[in-house]
Amino acid sequence: MAEPSRREALDLFLFTSIAATGVAALSPLPFFLAPPLSPAARASAGLRTSLGSGQGKSLIYGGRPAIVVRRGDEILAFDATCTHAGCPVEWSPEKKEFLCPCHKGRFGADGAPAGGPVRKPLARLPVALSPAGEIWVGE
Ligand code: FES
């Protein structure tokens, strides 16, 4: 095998340098073309049979606190962020209300303001039941 000439070695070096520069320049391209990462599109609240009427279950949906409440056969889901100043609310199965510990705000089981300084209802979240009876919050 013959030794490459000086000219061939320089051509090879030049080609390799250009190719490496091109690969390095284009390597971030997939990050710009890929869709942005989004929070979980759905979150499971467990089986419907595990949630008795009047009970609630806390979960995280889209990185935010959420609560699923069962009223008879109806299952409702809410963003658990108080609309007054953003504290997380809790479901009280005894009072059948959402209670905010920060300023004693209260929301009814339908998320409507029921007392304290709150004026806007809790945000409703989409909820669906799978054929297997699993409660899903989200689209
Ligand atoms: S933050 Fe909930 S009542 Fe003020």
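Just so it is clear, none of the values below were taken in a lab; they were calculated from the coordinates. What you see is a predicted model; the values in this text were computed from it and never measured.
Explain nothing, just compute: Karplus ³J(HN,Hα) = 6.51 cos²θ - 1.76 cosθ + 1.60, θ = phi - 60°, for every residue of region 79-86 in order, whole Hz, x for Gly and Pro.
The phi angles translate into 6, 8, 9, 4, 7, 7, 9, x Hz.
Give the shape of region 36-139 as rounded, prolate or oblate, defined through the alpha-carbon gyration tensor: a ≥ b ≥ c are the square roots of its eigenvalues, a/c under 1.5 means rounded, and otherwise the shape is prolate if a/b is larger than b/c and oblate if not.
Verdict is oblate for region 36-139.
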